[in-house]
Amino acid sequence: MMNSFGHIFRVTTWGESHGPALGATVDGVPPGVPLEASMLQHWLDRRKPGQSKYTTQRREADEVRILSGVYEGQTTGTPVQLMIENTDQRSKDYSEIAEKFRPGHADITYWQKYGIRDPRGGGRSSARETAARVAAGGIAREALAALAPGLEIRGYMTRMGVHEIDRANIDWDQIEKNPFWTPDATAAATWADYLDGLRKSGSSVGAVIEVVVRGAPAGLGAPIYAKLDTELAAAMMSINAVKGVEIGEGMGAAELTGEENADEIYMGEDGKPVFSSNHAGGILGGISTGQDIVVRFSVKPTSSILTTRKTITKSGEPAEIVTKGRHDPCVGIRAVPVGEAMAACVILDHLLLHRAQVGEGPRGIIG
């Protein structure tokens, strides 16, 4: 149950961290979208483990295979089946914790709900599952390129622990030039030293990721139960280790007055509305304004650390645990492409919903 998300563009993921493979079934893909495995591989290569000393050293090629839904380089309108084989499992790394619950992990809640769990890397709860989401997000990007040319989705890290970027230093070209996906080169240098120390000590730290969607048309979303911000928030919160999500000003809006928070509106020379600011994060009343859509989420520290922690066994006996193996000292690093993928899936889904309900003609002043 509950392994799917989306309305028209619907993604169902399957597989476990240490099983033979994982993947996704992607339904509702418009026909005629150019698609080859290499197009998806680009995005998977950004997420895959073992690319720097700051991520898990598990070595996975994350090579995606398209099993259905594509003919002669184009989508057919039928479900696209994606598969990614697991090739570097070390299940023995988890043999010592099979009878113990890891503090901060989903082990204990899985046991409480199902009465059974897969301790090998966390099974279904492992962040390894997000590889399938990134592949599905690659399909969404290709469909968006055809339906909404010029739309851009960009994610980046804005905070690691207590260290935050200086927005005056933002250089978008820097995002792809450092292992932290941050637009602030100075922050990247600070984070490298900071995380190196944590990594060597066997500890971990959390992070904040920001995802911006530029060029999305006005009118996406709905007033109540399918608000665009509701579904973006749910998509981001579904990512492993995410503990908080905000849109636009987010929690900071509580500190503002009404005059400060309200984004004043003017008519632009092109006949479209222009806003003086973007505290709303590009969404008002659950519907996109045409501004940049800004969503931010926090990722907790990786719970697998070398510090001894107190826990209990499956039989309820007190115990101590040290989680060995290959783990990310800051799982937020690899959450950047995952956040981008989830945004792509949600935006495409709502673009298709919008077209299904109101068509493509001009409406009011939004053009």
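The values are calculated or read from the model by the stated rules, or taken from the named source; none is laboratory data. Predicted model only: the values in this text are computed from it and were never measured. Don't worry about glycine lacking a Cβ; one is built from the backbone with ideal geometry, like all the others, and counts go over all protein chains shown. What goes into the accessible areas is simple: the full protein's heavy atoms, side chains included, and nothing from ligands, DNA or RNA. Shrake-Rupley method; radii C 1.70, N 1.55, O 1.52, S 1.80 Å.
Here are some notes:
- Residues of the stretch 268-289 that turn out to be at pLDDT below 95 and either at positive phi or under 18 Å from the mean Cα position of the chain (by Cα) (or both), as a count: 1
- Some residue of the stretch 278-287 being touching a Leu at 6+ places or on another chain (Cβ under 8 Å), small (Gly, Ala, Ser) and part of a loop (DSSP other than H, G, I, E, B): yes
- Hey, Arg167 open to solvent by 60 Å² or more (accessible area, probe 1.4 Å), in contact with a His (Cβ under 7 Å, 6 or more places away or on another chain) and over 25 Å from Cys345 (Cβ atoms) or not: no
- Selection within the stretch 235-260 - open to solvent by 60 Å² or more (accessible area, probe 1.4 Å) and either touching a strand residue (DSSP E or B) at 6+ places or on another chain (Cβ under 6 Å) or not in a loop (DSSP other than H, G, I, E, B) (or both): Met237, Lys243, Met251, Ala254, Glu255, Glu259, Glu260
- Filtered by the rule that a residue be in contact (Cβ under 8 Å) with a residue 60 or more places away in the chain and touching an Asp or Glu at 6+ places or on another chain (Cβ under 6 Å), the stretch 157-183 gives a lone residue, Thr158.
- Complete set of residues in the stretch 220-229 that are touching a residue at least 40 places away in the same chain (Cβ under 8 Å) and either within 17 Å of Phe275 (Cβ to Cβ) or surrounded by fewer than 17 Cβ atoms within 10 Å (Cβ to Cβ) (or both): Leu220, Gly221, Pro223, Ile224, Ala226, Leu228, Asp229
- Of the residues making up the stretch 87-112, those that are open to solvent by 50 Å² or more (accessible area, probe 1.4 Å), at pLDDT 85 or above and assigned to a loop (DSSP other than H, G, I, E, B) are Glu99, Pro103, His105.
- Residues satisfying the stated conditions in the stretch 114-162, i.e. closer than 30 Å to Glu96 by Cβ, assigned to a loop (DSSP other than H, G, I, E, B) and over 15 Å from the mean Cα position of the chain (by Cα): Gly115, Ile116, Arg117, Asp118, Pro119, Arg120, Gly121, Gly122, Gly161
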